[in-house]
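What follows is one structure encoded as structure tokens, with my remarks underneath.
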Amino acid sequence: MQQRLARGEAAALGELYDRFASLVHSQAHRMLDDETAADLVTREVFGYVWENPGAYDPQQGSMRSWVARLTHRQSVRRLREEEDRRDEADEDGIGLEERVHRATAAARADYIVASMPAPLRAALELAYIQRRDYRQTAADLGVTEDEARRRLRLGLQLLSTAHTRPLEGMSPPGYGRPL
């Protein structure tokens, strides 16, 4: 993919976009809480990838983690620009650092859920989005109640790391280059 991007193959960018656009947009939207800003960040991230295909180093980790890191960095930059324009705390009294911390935890949670094995993700979606108890979740998934509880417990344990570990932990070192 990287070689195709470096050769300027537009089809490679299209494939990359198809693969990662929903990740980029949902992460940006979660951090910025603004559909228009998320659209803009999505365009900026893929524009950066198109213009700088050599910035990705496959030895440092997956393209997915690199794209997620670019999205995080661009979203934080937008939050800081917005804060500079306001130059004061939000109406609810939450300042920029707190907003960045909350947005980072939310983006990490999104990333964790998207990266989880499908059985864990399905159990969490049934229990917490569709409001099923563990018995209904087990029946819907066609597994035992013990298995449903195990999946929910493991999924929640994974999600709990979203608030205790920084987003930088989700991408390999070496991707500190600004957009």
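Any idea what the dipole of the range 117-168 comes to, in debye rounded to 20, about its Cα centre with Lys/Arg Cβ at +1 and Asp/Glu Cβ at -1?
Dipole size: approximately 80 debye.
Mark the label point 7 Å from the Cα of Ser62 along Cα→Cβ and return the residues of the range 101-134 whose backbone N is within less than 18 Å of it.
Answer for the range 101-134: 107-122.
In nm, what is the difference between 0.36 nm times the number of residues separating Leu156 and Ala55 and their Cα-Cα distance?
Result for the pair: 32.9 nm of gain on full extension.
Cα atoms only: what Rg and Dmax, in Å, come out for the range 117-168?
11.6, 38
Could you look at the range 106-145 and say what percent of its accessible area is carbon and sulfur, using a 1.4 Å probe and all protein chains?
C and S fraction of accessible area: 52 percent.
Give the accessible surface of the range 117-168 per residue, rounded to a whole number of Å², with probe radius 1.4 Å and ligands, DNA and RNA excluded.
65 Å²
The values are calculated or read from the model by the stated rules, or taken from the named source; none is laboratory data. Keep in mind that this is a model prediction, so the values were computed, not measured. Please note: Cβ atoms are built from the backbone with ideal geometry, for glycine as well, and neighbour counts cover all protein chains shown. With ligands, DNA and RNA removed, areas are computed over all heavy atoms of the protein, side chains included. Shrake-Rupley method; radii C 1.70, N 1.55, O 1.52, S 1.80 Å.
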